[in-house]
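Notes to accompany the following structure.
The values are calculated or read from the model by the stated rules, or taken from the named source; none is laboratory data. Predicted model only: the values in this text are computed from it and were never measured. Note: ideal-geometry Cβ built from the backbone for every residue, glycine included; neighbour counts use all protein chains shown. Note: accessible area is taken over every heavy atom of the protein model, side chains too, but ligands, DNA and RNA are not part of it. Shrake-Rupley method; radii C 1.70, N 1.55, O 1.52, S 1.80 Å.
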Amino acid sequence: MAKLSVVNPATGKVAATLPADDAKSVAAKYRRAREAQPRWARVRLKERLATIERFRALVVRDAERLAHVLTTEVGKPIAQSRNELKGLLPRLDFFLEETAHALRSERVSGERGGPMEERISHEPLGVVANISAWNYPWFVGSNVFVPALLAGNTVLYKPSEFAALTGAEIARLLYEAGVPQDVFIPLVGGGAVGEALLAQPVDGVFFTGSVGTGRKIAAAVAGRMIKVQLELGGKDPIYVCEDVDVATAATGIADGAFYNTGQSCCSVERVYVHEAIFDRFVEAFVAEVRRFRRGNPEDESTYIGPLTRAPQVKVLEAQVKDALAKGARVLTGGKRAKGPGHWFEPTVLVDVRHDMAVMREESFGPVIGVMPVASDAQAVELMNDTQYGLTAGVYTRDRARAERILAQVRSGSVYWNCCDRVSPRLPWSGVGDSGVGLTLSRYGIEAFTRPKAWHLRSA
Ligand code: NAD
């Protein structure tokens, strides 16, 4: 049987070895999920909601242990692993509160029992494939599998091979909460297991990951009449206007760029600063970044951990090298850090331009470029000069100015005086290479259903 080794990215040591899936076991799991689906769809919504409510209580019960599992396998600093588990609860609460409303069938014309009544009901898609990323496995996983299950789908859940232990914990808690074992089925393995899953006749594919893999998934399911959602990467910009409190803006944006060691889809990846305050902002920003403690992710005070995936060290090295060759300067960091595991120093670059990879390609690590701009118009032009469009933000005291700027930015989410923020009540979506489809908000519940049109004539 194939095996998957889970490597602790802070130490480079194998933390666990798991039996992995292969094409045959994936096909068998698909058949179980297919058979179970109509039964699960007939379970009353109230009961499905009760299982997720119990799941929530079990997450609370086991939170501390789950945080350590997450830190072991992805290297997330322990305080941030705890935050992820804490942050999961309001998302679950949102789904618990909102699902009945979002799934209620609706009379849109005529009287009940009248001569012609028109209704819309929300039918589950069927069996859905949930292929997920490792950087926030509790968030990006639950954004999909919770509403999918609540809507009456069965779920084949393929967590990232870098978050396989968390995937197993999620399954264990869902089962303990009362979700039948054929209704939510985890798969263990990497890209090949994902491909084997896509070879099955599933009814929907919900993917979170890189644009490169997203393209492969789109190609693999092309021609099949099924729902496909792709939540992909970003190169998210922030524009700092000249009227801000520099210290406050620098603190907020440094956190938005370096939290989770810069490995968030909505990490700030480019900063544009009005030239009137550029030097002051850069000084405050670099001072803030130098204060970040890098080290053992099990340590309570660690803010910067290792990179979860070893190859990303080379990606960051190449981005810095390319930038330096084209005239950029490193103000802090700039290279891989020593030690077992995979580490990169928190890095700030200036004198950057848009012909440098660091301003165009997703860094997905603790590296950022800061660039002066002369006007709001130039800021908008540079913010939009990207293949991506996940989030974008503006820092200014002037709300009307912020709204004017943000209205012109092509982006799924926009922020005024905040960044790196996700709300369960708002849709999470991308423009361009940041993907298609959405999760969260009531639209992110409906996404797991197919509207059915009822034309009912009484005679
Ligand atoms: P990835 O694309 O390497 O892997 C994602 C998942 O796809 C994994 O489970 C992987 O095993 C699987 N996979 C790989 N090749 C496959 C194939 N050919 N067929 C089917 N499945 C395959 O991404 P990652 O490194 O896990 O995650 C980081 C990326 O995810 C970043 O680009 C980040 O911005 C993005 N992300 C986006 C969001 C969002 O909401 N938009 C959220 C989190 C992460």
For LEU440, the lone unmet condition from (1) among the aliphatic types (A, V, I, L, M); (2) under 29 Å from TYR136 (Cβ atoms); (3) away from the ligand (no atom under 13 Å from the Cβ); (4) open to solvent by less than 40 Å² (accessible area, probe 1.4 Å) is (3)
When every residue in the range 395-416 that is aliphatic (A, V, I, L, M) and within 21 Å of PHE285 (Cβ to Cβ) is compared, the one surrounded by the most Cβ atoms within 10 Å (Cβ to Cβ) is ILE405
Within the range 231-242, the count of residues that are near the ligand (Cβ under 10 Å from one of its atoms) and open to solvent by 20 Å² or more (accessible area, probe 1.4 Å) comes to 1
Considering residues that are of a type in the set (Ser, Thr, Tyr) and open to solvent by 40 Å² or more (accessible area, probe 1.4 Å), the number found within the range 83-113 is 2
Looking only at the range 114-125, decide whether some residue is within 16 Å of the ligand (Cβ to nearest atom), surrounded by 22 or more Cβ atoms within 10 Å (Cβ to Cβ) and not hydrophobic (A, V, I, L, M, F, W, C). no
Got at least one residue in the range 126-135 being farther than 30 Å from GLN80 by Cβ, more than 10 Å from the ligand (Cβ to nearest atom) and open to solvent by 10 Å² or more (accessible area, probe 1.4 Å)?
no
**Message:** Can you find a residue that is touching a residue at least 40 places away in the same chain (Cβ under 8 Å), open to solvent by 10 Å² or more (accessible area, probe 1.4 Å), away from the ligand (no atom under 12 Å from the Cβ) and at positive phi anywhere in the range 170-191?
**Reply:** yes
When SER423 is run through (1) within 16 Å of the ligand (Cβ to nearest atom); (2) surrounded by 15 or more Cβ atoms within 10 Å (Cβ to Cβ), the failure sits at (2)
Got at least one residue in the range 244-264 being in contact (Cβ under 8 Å) with a residue 12 or more places away in the chain, open to solvent by 20 Å² or more (accessible area, probe 1.4 Å), within 10 Å of the ligand (Cβ to nearest atom) and under 18 Å from PRO159 (Cα atoms)? no
All-but-one check, MET225 against (1) near the ligand (Cβ under 9 Å from one of its atoms); (2) in a loop (DSSP other than H, G, I, E, B), failing number (1)
In the range 265-282, residues that are open to solvent by less than 10 Å² (accessible area, probe 1.4 Å), out of contact with any strand residue (DSSP E or B) (no Cβ under 6 Å at 6 or more places or on another chain) and more than 16 Å from the ligand (Cβ to nearest atom) total 1
